[in-house]
1. Would you check if residue A:29 is surrounded by fewer than 24 Cβ atoms within 10 Å (Cβ to Cβ), under 17 Å from the mean Cα position of the chain (by Cα) and modelled with pLDDT of 85 or more?
2. Based on what the data block shows, is residue A:96 more than 21 Å from residue A:189 (Cβ to Cβ), modelled with pLDDT of 85 or more and surrounded by 17 or more Cβ atoms within 10 Å (Cβ to Cβ)?
3. Among the candidates B:311, B:357, B:305, single out the residue that is surrounded by fewer than 19 Cβ atoms within 10 Å (Cβ to Cβ) and either modelled with pLDDT of 95 or more or closer than 15 Å to residue B:33 by Cα (or both).
4. Among the residues of segment B:53-68, how many are in contact with a helix residue (DSSP H, G or I) (Cβ under 8 Å, 6 or more places away or on another chain) and surrounded by 18 or more Cβ atoms within 10 Å (Cβ to Cβ)?
5. Given the structure, is residue B:293 buried (at least 17 other Cβ atoms within 10 Å of the Cβ) and in contact with a helix residue (DSSP H, G or I) (Cβ under 9 Å, 6 or more places away or on another chain)?
6. Among the residues of segment A:150-165, write down those that are under 28 Å from residue B:112 (Cβ atoms) and surrounded by fewer than 22 Cβ atoms within 10 Å (Cβ to Cβ).
7. When the residues of segment A:112-152 are filtered to those that are under 15 Å from residue A:99 (Cβ atoms) and touching a strand residue (DSSP E or B) at 6+ places or on another chain (Cβ under 6 Å), which remaining residue is modelled with the highest pLDDT?
């Protein structure tokens with residue numbers, strides 16, 4: 001399960017992991033929960049499944065002999081009513097569906113583009129919460145099976161995604177500890193997305209002597225651009241140091257691409273460059 | 001890039017609603033708008049739903065944002081206040097306002113099902129953000145309310161949220177629960193309702209009993225809630241309320257911003273400004289291709305690296321501007337303001353002022 005703050009590239013990382021695993025010969029299923037159509041475009045040849053809470057709940061009710069409820073109430077009604085009465089039930093049916101897919105044996109790896117970091121904790125906590133409040137019945141059984149999945153590092157790992165920037169790094173550190181302490185789920189490596197590993201710049205003193213012969217406007221452009229990039233990189237480096245320092249789990253760096261939105265080719269290139277990641281070997 | 005849409009926002013609104021997907025700098029944008037309003041002599045309050053420590057730090061609030069407005073220490077002709085949305089406390093306030101007796105308040109606030117509604121019913125956060133906005137709008141301390149909406153896929157969630165509870169109460173299950181039993185008493189025979197028995201088997205009978213108790217306790221308050229929701233909706237749709245759509249210079253968030261604008265336009269809600277955060281700044285006048293060519297021709301490896309760097313940064317900017325173009329097409333090019341990615345993180349008032357300077361075309365950053 002891939003989780004991270006909005007805008008850090010969770011969907012990209014989901015696609016890259018799926019691509020790398022598929023290239024390594026695994027049968028991969030990609031699951032998305034937010035109705036994001038972008039994901040399918042990033043891995044056009046892989047199987048992508050969309051799971052929504054109303055659909056999952058509907059299916060769950062049918063599978064458990066509550067077809068009449070599902071039939072008599074419209075779907076939003078079911079979600080609002082049942083979801084409000086027992087919060088987390090919509091999350092638990094989604095997790096239950098994921099567990100069912102994982103158990104089906106049709107795939108070697110199920111990669112889930114999870115909810116945004118804030119919701120990731122409540123999402124994954126839903127099983128424990130329901131196990132506390134609901135003592136028996138089908139929901140309880142479902143919660144127990146989901147907990148089994150979440151607590152088994154051989155079956156399930158959470159990959160957190162961040163950028164090398166202050167707020168995302170703060171949030172990923174908080175989320176990592178909360179997931180470990182409160183959910184008890186195994187954390188995979190942290191993926192740092194968009195790390196600038198591009199052109200190597202000369203030092204500012206070398207740069208200023210190089211541009212000395214050029215006209216003022218050109219020199220100013222070259223100098224300003226170099227300074228801008230150096231200072232972004234310096235910020236990145238500080239944030240990476242802080243991440244390594246505060247969160248002692250392995251990191252995987254994904255290099256930035258010169259684009260304002262990735263394509264399937266970018267995903268393939270990133271997957272090719274992905275080395276040393278233990279994210280996909282162990283979990284089922 | 002003209003600064004006019006941003007100027008209109010500050011000078012002509014009494015409410016500014018910032019919408020956009022998560023992670024695009026919506027909270028920061030809201031703070032920047034509030035800061036600028038204070039600079040222009042207005043008494044602004046910024047409501048954020050983002051508990052991010054960073055905004056509190058940037059505003060100099062050592063103890064973090066509170067659920068009551070706090071005045072920011074600022075040298076400005078106007079005032080800037082900031083607060084964080086407290087969904088549950090706001091909901092409790094509404095219950096207190098419309099309950100017929102203190103006993104009714106207690107019965108509701110102590111009910112487990114109510115606590116779930118206050119915290120988890122979809123749309124409650126948006127509803128309470130709208131409610132808070134309405135309350136602050138009526139507060140004499142302020143003449144501008146800037147609210148940062150919960151990140152959602154749907155811009156209409158915020159417009160429609162105040163109706164969410166009414167719809168919930170109108171739901172047929174509620175009516176089923178409130179069905180007069182034999183003898184005219186408003187007592188529910190769960191045992192006689194197969195559907196309730198079935199739901200009880202799914203969620204547990206304690207949970208069901210709580211919900212029944214909630215609906216009984218809530219009886220009589222629906223009208224008050226509904227009227228209040230109507231007032232809130234009227235304010236959101238009033239001409240003095242401006243909508244700002246916020247995005248970052250990336251394909252996915254622009255696509256969402258375009259979708260937001262289209263939805264708002266469909267609802268006859270005008271988008272005053274579309275703010276795109278974090279676009280790479282322009283370096284010089286040429287294109288990325290020019291810079292690549294200069295890099296190719298450069299003999300000195302250091303000079304080549306410098307040109308390649310310019311080419312990289314211009315490539316990013318060109319692609320970002322291409323991504324932004326569709327937003328201009330739906331919102332109107334003159335309403336789109338593109339703000340540069342800064343060479344440092346925004347973590348203090350000076351950082352916010354730097355963004356304000358770009359947004360409002362101040363000649364220099366003021367201290």
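The values are calculated or read from the model by the stated rules, or taken from the named source; none is laboratory data. All values reported here derive from a predicted model rather than from experimental measurement. Here the Cβ is made from the backbone with ideal geometry for all residues, glycine too, and neighbour counts use every protein chain on show.
1. On the way: surrounded by fewer than 24 Cβ atoms within 10 Å (Cβ to Cβ): yes; under 17 Å from the mean Cα position of the chain (by Cα): yes; modelled with pLDDT of 85 or more: yes.
Yes.
2. Answer is yes for this residue.
3. Values: B:311 fails: surrounded by fewer than 19 Cβ atoms within 10 Å (Cβ to Cβ); B:305 fails: surrounded by fewer than 19 Cβ atoms within 10 Å (Cβ to Cβ).
Exactly one residue qualifies, and that residue is B:357.
4. Adding up the residues that qualify gives 5.
5. For residue B:293, the condition - buried (at least 17 other Cβ atoms within 10 Å of the Cβ) and in contact with a helix residue (DSSP H, G or I) (Cβ under 9 Å, 6 or more places away or on another chain) - is not met.
6. A:151 - this is the single residue of segment A:150-165 that is under 28 Å from residue B:112 (Cβ atoms) and surrounded by fewer than 22 Cβ atoms within 10 Å (Cβ to Cβ).
7. This residue is A:112.
Okay, residues lined up against (1) touching a residue at least 40 places away in the same chain (Cβ under 8 Å); (2) within 13 Å of another protein chain (Cβ to nearest Cβ); (3) assigned to a helix (DSSP H, G or I):
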| position | (1), (2), (3) |
| --- | --- |
| B:296 | no, no, yes |
| B:317 | no, yes, yes |
| B:321 | yes, yes, yes |
| B:350 | no, no, yes |
